[in-house]
Structures are given as C-alpha cells and as structure tokens.
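Asks: There's a structure below that I have some questions on.
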Amino acid sequence: MTTRIIGTGSALPSRVVTNLELESFLDTSDTWIQERTGIQNRHVAVTETTTSLAIQACLKALEDAGKQPEDVDLILAATVSPDCTFPCLACEIQAAIGADQATAYDINAACAGFLFAFNSAAAYIACGMYRNALIVGAEVLSKLVDWTDRSSCILFGDGAGAAFIEEAEEGIVSMLQGANGKKGMALYRYEPPILHPFLKQTTASDDAGRSGYLEMNGQEVFRFAVSQVPDSIIHVLERANWEKSEVDHYILHQANARIIQSIAKRLGEPEEKFPMNLHAYGNMSSASIPVLLDEMNRAGRLKRGDKIVMSGFGAGLTYGATALIW
Ligand code: UT7
C-alpha cells in the first residue's frame, strides 16, 4: 500500500501587489525584480489570515476529493506564519471544518513544509496508523518581512494550498528529506524579546538581528538550492528506479525563476517540465508547491499515471523530494 493525492485546493488573498507598487516606496524596479526573480505580482493578506486561507484551501481539497470533514483521520499543517503560537493551525482548521475525528498538529520546515507534511502523512499511512490525511501549507509572510528591505520583501507572497491524500495501490514511489541546521542563519526570524520582571532591558547586542523580521542571506540560500535540489531529485529518482526522461512534471518550490532554470539545466531536463506560477504569487513558502499542484490539477494538466517529482528547500535549512504517480 502507498499514498495517493485525490483532491487539491488553494486560497489566495484578494489584494494583488504589483512590482510597480513596490517601486513607489522602495529603491527597486519592476525590471530588477523580474530579471532577478521572475516575480511580477504577489498577493498580500489585508483582511485574510493564515487560518482563514488554510481553512478555505482545506475545504476546497475535501470537495475536490469528494470527502466530508468527518472522514479525515489526520490534519498536518505546515506554516512558519501561524496566527497563534498555540493552539496550532491544524487544530484551528480541525475545529473550523468539523473534522472531529482527526488528529491535528503543525510542522515547521519552512518552504519545504508541505513536502515534509506530505511525506510524514504518507509514512503514517504506510504503517497503518491512519488511512488518510488532509495536508496544508499556509502562509502570511507579509506580516514577517521588513517592507523597507528591498532584498527580501519583494520576494514573498501570501496564500494556502492543500491536498487530501489516502492509502492506495499506486501513488508515492519514493521520498527523501533532510536538514542542514549548521546553515540555519542563512534564513531566520527571531521572536522580538518581550520585557518581563526578570528581564528589565535588553542590550543592543541582544537585540542585534532580533527585529522580528525575516532575515536572509539570499546568495547563500540560492547556492544551497541549486546544488541540494538536483541532488535530492537524483536520489529520489534512483530510489524510484525512474529515468529522468520518464518524469512528466517537476513541481518545485517557487522561490525564484533563476533557481528553477538552473536546477533544470543541472538535471539536463527541458524547462517545459518545470511549471512555474511564481510570476503571479512570489514565494509563498510552504504554500507554493500545493498552490501550483492545485492550479495544474484544476487546469487538467495532471493525468492519472503521470510521473511527478516534487521538491522543496527552505529555512532550516531543510530540503526534500518525493516521486509519485498522479
Ligand atoms: O524559499 C527560500 C527563500 N529564499 C530564497 O529563495 C532566496 C534565494 N536568493 C535569491 O533569490 C537571490 O539571491 C535574490 C533575488 C534574493 C537576490 O538576487 P541576487 O542576484 O543574488 O542579487 P544580490 O543580492 O547579489 O544583489 C545584487 C545587487 C546589489 O547591489 P550592488 O551591491 O551590486 O550595488 C543589491 O543591493 O542588487 C541590489 N538589490 C536590489 N536592487 C534593486 C538587491 N535587492 C534589490 C531590489 N531592487 N529589490
């Protein structure tokens, strides 16, 4: 027995922010952003929250799968931008949709989060603990970035994507995931310190880098992605006993068009096999893979039997890949 995706869903905030709008308050340009990243627009949550986007995406995935909330055994939510530290996002989703039978908890593996949730749920299903799972990646990164830092804020967007998966004869063929904590400071965010009776003031050195904003060494993350993702893909292909040429779609984390093009080149595979939607949404961290999956599913671009490799990387630094038959 393995695990198959049988329904997908996604949700995006209604407010679209163009590169031209960013030009109005940042020392940047539409040309620079498009040439260096491929991004044209991103959606920014104004009235929506991480929870509301996640709930919408989950309900759509259930509807697409033809399932009811009470059918769900497990909810795994991947996020680095929950509305509350606790209760977790997955428990909030469980309550909102009425999936009363489901176990629910969150996973923080940043941009690789959806993939880690998917792989974790598949491992539970393989060992017989659960028969199905609702997995979701949901982010409102606009509340974590420094909107005066042109090197990071232009990259990110808000959204949520979900999938309902269940045990099946055919589906996931091989999985890989890993982490390199030693490179964690390439992309991080500290909670800003809260003063309390035993901590009356913080020193300037304590505060350094603890602004509460996302901080990133873009070039280091870029280098990590273009070497680690091809390696991960080659490993899952070997484990699946698939040739690269057999793969129909490489569904990668949508961070930067240049990263995806470089990965395609390193693998020696045509760029047409690497669908992209980052021009419209920017980098939505854990939501980027499931939103792309949902768009392809609803557009009829995925056919039963298609061979797919999903791969992601992100803060941690984390990375992973999964080979599956649609
Ligand atoms: O999910 C994982 C999340 N993180 C990532 O995926 C990040 C991966 N890294 C990247 O995508 C790229 O490194 C960036 C897009 C972040 C930056 O692109 P780059 O080609 O590595 O640019 P750079 O950092 O080397 O900067 C080149 C120049 C610098 O100016 P000088 O020093 O050459 O004068 C920057 O100050 O571009 C400048 N710059 C900008 N200029 C206009 C940086 N950001 C901007 C901007 N607009 N938004």
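The values are calculated or read from the model by the stated rules, or taken from the named source; none is laboratory data. Here the structure is a predicted model, which is why all the values come from computation and not from measurement. In this analysis, Cβ positions are derived from the backbone assuming ideal geometry, glycine residues included, and neighbour counts consider all displayed protein chains. Areas reflect the complete protein model, heavy atoms only, side chains present, ligands, DNA and RNA absent. Shrake-Rupley method; radii C 1.70, N 1.55, O 1.52, S 1.80 Å.
Asks: Of the numbered conditions (1) free of Cβ contacts under 8 Å to residues at least 40 places away in the same chain; (2) under 24 Å from Leu155 (Cα atoms); (3) among the hydroxyl-bearing types (Ser, Thr, Tyr), Thr79 satisfies every one except a single condition; which is it?
Replies: All conditions are met except number (1).
Asks: Another question, then. Take Ile97 and decide whether it is surrounded by 24 or more Cβ atoms within 10 Å (Cβ to Cβ), hydrophobic (A, V, I, L, M, F, W, C) and more than 16 Å from the ligand (Cβ to nearest atom). Break it down stepwise before answering.
Replies: Values: surrounded by 24 or more Cβ atoms within 10 Å (Cβ to Cβ): no; hydrophobic (A, V, I, L, M, F, W, C): yes; more than 16 Å from the ligand (Cβ to nearest atom): yes.
For Ile97, the condition - surrounded by 24 or more Cβ atoms within 10 Å (Cβ to Cβ), hydrophobic (A, V, I, L, M, F, W, C) and more than 16 Å from the ligand (Cβ to nearest atom) - is not met.
Asks: For region 125-156: of the residues being open to solvent by less than 30 Å² (accessible area, probe 1.4 Å) and in a loop (DSSP other than H, G, I, E, B), which is nearest to Thr31 (Cα to Cα)?
Replies: Ser152
Asks: Continuing with this model, one more query. Assess whether Leu22 counts as being within 16 Å of the ligand (Cβ to nearest atom) and of a type outside the set (Phe, Trp, Tyr).
Replies: Yes: the conditions hold for Leu22.
Asks: Which one of the conditions (1) open to solvent by 10 Å² or more (accessible area, probe 1.4 Å); (2) within 15 Å of the chain's Cα centre (by Cα) does Ala109 fail to meet, given that it meets all the rest?
Replies: Ala109 satisfies all of (1) open to solvent by 10 Å² or more (accessible area, probe 1.4 Å); (2) within 15 Å of the chain's Cα centre (by Cα) except (1).
Asks: Looking only at region 265-279, count every residue that is buried (at least 18 other Cβ atoms within 10 Å of the Cβ) and outside any loop (DSSP other than H, G, I, E, B) and tell me the total.
Replies: 2
Asks: Given the conditions (1) in contact (Cβ under 8 Å) with a residue 40 or more places away in the chain; (2) within 16 Å of the ligand (Cβ to nearest atom), and given that Thr49 satisfies all but one, which numbered condition is not satisfied?
Replies: All conditions pass for Thr49, except number (2).
Asks: Looking only at region 29-44, decide whether some residue is open to solvent by 70 Å² or more (accessible area, probe 1.4 Å), modelled with pLDDT of 95 or more and farther than 23 Å from Ile260 by Cβ.
Replies: no
Asks: Please state which of the following conditions Leu199 fails to meet, knowing it meets all the rest: (1) out of contact with any Ser or Thr (no Cβ under 9 Å at 6 or more places or on another chain); (2) open to solvent by less than 90 Å² (accessible area, probe 1.4 Å); (3) in the same structural domain as Pro275 (by TED's automatic domain parsing).
Replies: The number of the failed condition is (3).
Asks: Among what's in region 230-257 and is outside any strand (DSSP E or B) and within 17 Å of Leu293 (Cβ to Cβ), pick the residue that is nearest to the ligand (Cβ to nearest atom). So that I can check it myself, show each step before the final result.
Replies: First, the residues of region 230-257 that are outside any strand (DSSP E or B): 230-248, 253-257.
Now restrict to residues that are within 17 Å of Leu293 (Cβ to Cβ): 233, 236, 247-248, 253-255.
Working: Ile233: 17, Val236: 20, Val247: 22, Asp248: 24, His253: 6, Gln254: 9, Ala255: 3 Å.
Here the answer is Ala255.
Asks: From Gly184, Gly159, Gly171, which residue is within 16 Å of the ligand (Cβ to nearest atom), over 29 Å from Ser29 (Cβ atoms) and open to solvent by less than 60 Å² (accessible area, probe 1.4 Å)?
Replies: Checking each option against the conditions leaves just Gly184.
Asks: Yes or no: region 76-91 includes at least one residue that is farther than 21 Å from Thr49 by Cα and either surrounded by 19 or more Cβ atoms within 10 Å (Cβ to Cβ) or within 16 Å of the ligand (Cβ to nearest atom) (or both).
Replies: no
Asks: Within region 129-161, how many residues are touching a residue at least 60 places away in the same chain (Cβ under 8 Å) and under 18 Å from Ala104 (Cα atoms)?
Replies: So the answer is 10.
Asks: Sticking with this structure for a sec: Identify the residue in region 107-121 that is assigned to a helix (DSSP H, G or I) and among the aliphatic types (A, V, I, L, M) and, among all such residues, is farthest from Glu215 (Cα to Cα).
Replies: If we take residues in region 107-121 being assigned to a helix (DSSP H, G or I) and among the aliphatic types (A, V, I, L, M), then Ala121 is farthest from Glu215 (Cα to Cα).
Asks: Further question: Consider only pairs whose beta carbons are under 6 Å apart and that are at least six residues apart or on different chains; among these, list those whose first residue lies in region 304-319 and is under 28 Å from Tyr190 (Cβ atoms) and whose second residue is of a type in the set (Gly, Ala, Ser) and open to solvent by 30 Å² or more (accessible area, probe 1.4 Å).
Replies: Taking only residues 6 or more apart or on different chains, the pairs are Gly316/Ala179; Thr318/Ala179.
Asks: Would you pick out the residues in region 11-38 that are touching a strand residue (DSSP E or B) at 6+ places or on another chain (Cβ under 8 Å), hydrophobic (A, V, I, L, M, F, W, C) and not in a strand (DSSP E or B)?
Replies: Listed by number, the list holds a single entry, Leu12.
Asks: Mind listing whichever residues of region 292-323 are more than 16 Å from the ligand (Cβ to nearest atom), under 21 Å from Ala240 (Cα atoms) and open to solvent by less than 10 Å² (accessible area, probe 1.4 Å)?
Replies: Passing the criteria: Leu293, Ile308, Val309, Thr322, Ala323.
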